[in-house]
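Values quoted throughout were computed directly from the atomic coordinates according to the rules given, and no laboratory measurement underlies them. Bear in mind the structure is a predicted one, so any value in this text is a computation, not a measurement. Cβ sites come from the backbone with ideal geometry, for glycine too, and all protein chains shown count toward neighbours.
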């Protein structure tokens, strides 16, 4: 684990692999951490240099210090990390809110992207009222309490059956986060709308979802495909919201095909 000061905050990141290889940047979902990518590393590192980082107030990154976060703020963190890595153009993969960051990059910085793989996300995710309600509840109850309700929404039944401690483990990780940073990100998601911003980006784009995803169901991915000019999304059967955790080998194969 390494740290980079970005606008006065310490951002925790990992930069792994041979500097001569193409760079793949990985953006994790809300409430989780860059650990969601660990099981992909054996497949990626022989071919790519891999950069991952923790969102504000998540994992090893410091809490957000202003009163709002925007997709542009998060994309700026990506570009600062990529600059630190000494790279101009890169492949990007992001899940859920990580996919929102990818949409910001597609709309504002498409020439920086060699490809984009967005999973379990949408041009619009949920509703403004629902995100505002969650933000208020997190500030009132804290992440430890809220994790019990939120974490079960991340994974399909098959993953929970295969790994009985999965929910408890991610409950612990989510509970360690900064509640205000999480709430600010919820408020950001309530305002984010990329429905009119993704045409003509010119970046090779793959969309991936899960048949058992209750947070961003397959129809949400299909709507994003229409907005962005992407092909038909790949919908993974018996997978929920986090394919990099639930079916890492399958997802790694899709990702390697996309960025090759």
For segment 1-50, convex hull of alpha carbons as volume per residue, Å³: 91
Three-way shape label, segment 86-177, alpha-carbon gyration tensor, a/c 1.5: prolate
Percent RCO, i.e. relative contact order, over the chain, from Cα pairs under 8 Å lying at least 6 residues apart: 22
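If the convex hull of the alpha-carbon atoms of segment 1-121 is projected onto planes in all directions, what is the mean projected area in square nanometres? If you can, show how the numbers build up before the last one.
Working: hull surface 27.3 nm².
With every direction weighted equally, the projected area is 6.8 nm².
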Within a Gaussian network of the chain (alpha carbon springs, distance under 10 Å), most fluctuating of 216, 133, 119: 133
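Quick one: order 92, 3 by neighbouring beta-carbon count within 10 Å, fewest to most.
Details: 92 30, 3 14.
Ordered by Cβ neighbours within 10 Å, fewest first: 3, 92.
Counting only C-alpha contacts under 8 Å and six or more residues apart, can you give the relative contact order of segment 26-124 as a whole percent? Each step should come with its number before you reach the end.
On the way: 130 pairs, mean separation 29.4, N = 99.
The value is 30 percent.
Can you give me the orientation-averaged projected area of the convex hull built on the Cα atoms of segment 122-218, in nm²? Mind showing how you got there, number by number?
Numbers: hull surface 29.8 nm².
Spelled out: convex hull of the Cα atoms, projected over all directions, averaged, 7.4 nm².
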Descending Cα extents along the principal axes, the chain, whole Å: 46, 42, 37
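Would you compute, from DSSP H runs of 4+ residues alone, the mean residue ellipticity of the chain at 222 nm, taking -39500 (n - 2.57) per run and dividing by the full residue count, rounded to the nearest 500?
On the way: 11 runs with 108 residues, N = 260.
Per the formula, -12000 deg cm²/dmol.
With N denoting the number of residues in segment 168-229, provide Rg(C-alpha) divided by 2.2 N^0.38 Å, to two decimal places. Please report the intermediate quantities before stating the final value.
Numbers: Rg = 15.3 Å, N = 62, 2.2 N^0.38 = 10.6 Å.
Output field value: 1.45.
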